[in-house]
1. For THR534, which sequence-distant residues (separation of 5 or more, or a different chain) have an amide H within less than 5 Å of its own amide H, given hydrogens modelled in the peptide plane?
2. Work out how much length ASP667 to ASP41 would gain on full extension: take 0.36 nm times their residue separation and subtract the Cα-Cα distance, in nm to one decimal.
3. Given H placed 1.01 Å from N in the peptide plane, which residues other than close sequence neighbours of VAL68 have an amide H under 5 Å from its amide H?
4. Show me, for region 197-210, the HN-Hα J-couplings you get by feeding each phi into the Karplus relation (A = 6.51, B = -1.76, C = 1.60, θ = phi - 60°), rounded to Hz, glycine and proline as x.
5. Convert each backbone phi in region 324-341 into a coupling constant with the Karplus relation 6.51 cos²θ - 1.76 cosθ + 1.60 (shift: θ = phi - 60°), then list the ³J(HN,Hα) values in order as whole Hz, x for Gly and Pro.
6. Output the direction-averaged projected area (hull surface divided by four) of the convex hull of the alpha-carbon atoms of region 307-377, in nm².
7. Quote the accessible area belonging to GLU284 in square angstrom, nearest 10, computed with a 1.4 Å probe and with ligands, DNA and RNA left uncounted.
8. Let me test this: with uniform point scatterers at the alpha carbons of region 449-590, what is the Debye-based log₁₀ I(q)/I(0) at q = 0.11, 0.18 1/Å?
Amino acid sequence: MMVRHTPLGSGHPYSPDTDQRWPVLPIAGEALRIGSRATSDVTEVTLHLTEILADGSRVTLDVPCAPVARSSRGQQVDGGHLASAQARLARKSGGWETTIEVAATAVSLSYRLTATDGTTTRRTRVSNTEVARWVDEPDGLVAVDGERGVVPGSVSALRTATHVAKVRFSLPLASGEHVAGFGERFDRLDHRGTSLDSVVFEQYKSQGAMRRTYMPMPFAHVVGGSGWGFHVDTSRRVWFDVGEADPSRLVIEAETASPANAAAALTVRTFAGSPTAVLDAFLERAGRPEELPDWVLRLWASGNEWNTQAEVERQAALHAQHEIPVGSIVIEAWSDESTFTAWRDAAYEPREDGGPLRLEDFSYPEDGAWPDPKGMVDSLHAQDTRLLLWQIPLMKMRPHPQGQARRDADAAIREGHLIRTRHPDGSLRPYRNRGWWFPLSLMPDFSNEKAAHWWTEKRRYLVEQMGVDGFKTDGGEHAWGSDLVYLDGRTGAEANNLNPVAYAKAYGDLMRRCGKAPVTFSRAGFTGSQAHGTFWAGDENSTWDAFRWSMWAGLNAAASGIVYWGWDIAGFSGPVPDAELYVRAFAASAFVPIMQYHSEFNHHRTPSRDRTPWNIAELSDDASVIDEVREIVALRERLLPYISEQAKKAVDTSRPLMRPLFFDHSDDQAVWSAPPEWTLGDDVLVAPVLAPGDSWDVYVPRGNWRDAWTGEPVEGGQTITTRTPRHRVPVYVRASAWDRLGPLFPSAT
């Protein structure tokens, strides 16, 4: 018989666990749920609780718990590569809970749970917690750096006897102002009238519907009137009510850990001016992007089932055969899936101290998955194709590690390279991943220079000797829980959001040490990610909705300072897209900074779910797909000098490469009602077709433009109905740039 209570839960930001306390910090006069998990033989669970009141008196309660369906880590079962892990976590059994109302004068609680099967009794540890209450505060509790101040009298704090746990305050919103940014957001560009938060989270698909993101930032533009913006200067979780409850107020609630006597518990920085000026001021503090080599602006190709040298070389050959040039290939399933440093089937002697291996330490059997990976890399380079390898920031502990993986884990523990958790007895032990992907894995602390160096040096031979050009730094969302303790003493509440920033930086630093450009390809991030590599929008289905959500995500990310951004063209998960969706998405991708297709692992079932042009052509019985993609990629190749020039300008000037229209037309209300549109740099207006059919309404902002496909002049400041074949999207070139850019576009057919 067993009963378990985990006061803080797993740390899932959106779904409390059955066996935790919720809210984690009880609030005086409000409801408090206390739950547990128990084995199936338990017939009764009781909460024994003592409230310590402000006058020093105590109130003791014995409260029966009721059985409930168990929930764990908030995951719903959805098809795809996570399905089996999700199914295990979705089992419903063994939950018990009760809800009480915390006394209005309570200052702390002490409690435990007991469980019985009728003959035997088991008890949980005693849990102790402070009780907080909301208190009105002077405006100065929020320090404002900038001209815009808080709404007078709007500041309040959630206080305990020892610290300020949260601060709530308002910034003014004027009529006609629009609010954009907040990092990568999938559901819209103007967030006014909505509520959202900033916490790094792996939302597996449907990010737009769930309104969750891998890459949040507590930064936004307020566009209209004189124009301004703000950044909540914290890495902790922040909630925003953007005029939803009160249209005249932007209400901000932020976690803090300030001592009770702090004069200021939180800093907010406000920036005045145009969107470019606001973004530039933000990037001055957050970190500026770095110009990357032109090859990142060419087509990227990837498939999770490209898991042998023969298959990678076959796909590269098919690109050449069909005259669809590819700038880089990303291999996800290349490694032994345990160390993530050795190619699958490679033979070598494990290094006992867990130190880095070199190329000469390995041999590659001819009948293995990768008989000559160095030769493969050299061959790709000879074809002007770069190679990136997939990574995960975890050390798998299931199944129990063997060989080099075991020695690596031993060394990480022995040498102190890992994020830890504080246990009820006060001890620190290695954090075991609480996410549903690679559960119970160990996690290095990339914010620690020594740990980051130890980890990345194990990959050095891949870059320095084998010639790998970058890394897909996937899965940066797995640091869950405020009880995590980083090597510098910060808790998870403060450091978890920054973990993906440090992860990408660590790999970028490795590339620099090896004399190469710091090319990383991440989906997770936070404030500071702007300075570290390239990004994609994460896992998504092949649907028109996902296409639209991804375009909004790119525009919000760009407004937040991300230059090199893309998405999995037409989605990567589930049934393959039909020919129309696929080609429409490919056509739009020609005008997105990172142009990449990718497909999810599908256990090599037939028919294949690869998102290659030839596979889509075969499955849709439409050979024209290949010809259309060839034309799209040829256009992208011709545009490379322009895109490269504009990427450099974006880095130098803070004017986004994938530029939301409000940057250049902040006084034009019509840009906020249009579907996703942007200018690629200064002179190319892009309006992707985001629904079936060839008719699409386009808002053309003020200025003199030329239809890219016909050369016809178009006067801006109007909405026009367009018709384009599926391999072309409505594109307009600024008239002043027509002589230079017009010849790059094929004439209409």
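1. For THR534, whose amide H was placed from the backbone, the distant partners under 5 Å are THR520, PHE521, SER522.
2. That works out to 218.7 nm of additional length.
3. Amide H to amide H, under 5 Å and 5 or more residues apart or across chains, VAL68 pairs with GLY95, TRP96, GLU97.
4. 9, 10, 9, 5, 8, 8, 8, 6, 6, 6, 4, x, 6, 7
5. 10, x, 10, x, 7, 10, 9, 9, 8, 8, 9, 9, 6, 6, 9, 7, 6, 10
6. Average projection, Cα convex hull of region 307-377: 5.4 nm².
7. Approximately 120 Å² of GLU284 is accessible to the 1.4 Å probe.
8. Results for region 449-590 at q = 0.11, 0.18 Å⁻¹ read -0.50, -1.07.
The values are calculated or read from the model by the stated rules, or taken from the named source; none is laboratory data. All of these numbers come straight from a predicted model, not from anything done at the bench. In this analysis, Cβ positions are derived from the backbone assuming ideal geometry, glycine residues included, and neighbour counts consider all displayed protein chains. Ligands, DNA and RNA are excluded from the accessible area calculation, which covers all protein heavy atoms including side chains. Shrake-Rupley method; radii C 1.70, N 1.55, O 1.52, S 1.80 Å.
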